[in-house]
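The structure appears below as structure tokens.
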Amino acid sequence: DATIYESDGTWFLFFGEDSTALTVLNLWFADSPFDIFLPHPENPVVISPYTARMGGAVLRSNGRMMRFGQDNSAEYGEALSILEITKLSRTEYSETYVGRITVDDFKGPHSLSINLNSSEILFDYYSNEFSLMAGVRRLKGRIGSR
């Protein structure tokens, strides 16, 4: 769930590493998306199962930067946390919890994309259901990807 974001001429890369992605968010930066990214001095910038894993692109609106973080505190993709990024530079990072988005009777959303130019919103959610065919579908997917 890596997310790239440009602010004031600096490119930032938000991501979690495989073993800790549900609870730890790292931040790296570069002069361009094609340069070598350097680790942010405040890494990890977030340690929390409620907000660490990215849940969509950073949204900039009315001078505010909003970040969506997956709430994985109970189960994967339980809901989305909304955070306002209050400081973002090569040396500083801070954010403030704003709220939470849930979908009644489902898990999620666990990612959200908002296009302010076209007033479109895309999000996903799921339900935990038992399926005898789940193992067959996973096996087909693995065989088909090779």
- Task: Compute the acute angle (0 to 90°) between the alpha-carbon long axis of helix 134-144 and the principal axis of greatest extent of the alpha-carbon atoms of the chain; round to the nearest 10°.
- Result: 60 degrees
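What does the charge count near R90 come to, summing +1 for each Lys or Arg and -1 for each Asp or Glu among other residues with Cβ under 12 Å from its Cβ?
Working: positive: K87; negative: D8, D31, E42, E92.
Spelling it out: positives minus negatives among the neighbours equals -3.
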- Read-out Cα Rg over 2.2 N^0.38 Å, candidates (1) 1.15; (2) 1.70; (3) 1.04; calculated match is (1)
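At 222 nm, what value in deg cm²/dmol follows for the chain if DSSP H runs of at least 4 each add -39500 (n - 2.57) and the sum is divided by all its residues, to the nearest 500?
Result for the chain, helices only: -2500 deg cm²/dmol.
Ignoring ligands, DNA and RNA, what percent of the accessible area of the chain is carbon or sulfur (1.4 Å)?
With neighbouring chains kept in place, the figure for the chain is 53 percent.
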- What net charge is computed for the residues neighbouring M65, neighbours being all others with C-beta under 12 Å from the C-beta of M65, Lys and Arg scored +1, Asp and Glu -1? 0
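Considering only the other residues whose Cβ falls under 9 Å of the Cβ of P41, what net charge follows from Lys and Arg at +1 and Asp and Glu at -1?
Local net charge: -1.
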- Task: Answer with one residue from S19, N62, N117: the one whose Cα lies farthest towards the positive end of the charge dipole of the chain, charges on Cβ with Lys, Arg +1 and Asp, Glu -1.
- Result: S19
- Note on the structure: Given a 1.4 Å probe, the accessible area of the chain per residue, as a whole number of Å², is 63 Å²
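The values are calculated or read from the model by the stated rules, or taken from the named source; none is laboratory data. Since we're looking at a predicted model, the values are computed, not measured. Every residue, glycine among them, receives a Cβ derived from its backbone with ideal geometry; neighbour counts consider all protein chains shown. Protein only, heavy atoms only, side chains kept; ligands, DNA and RNA dropped before computing areas. Shrake-Rupley method; radii C 1.70, N 1.55, O 1.52, S 1.80 Å.
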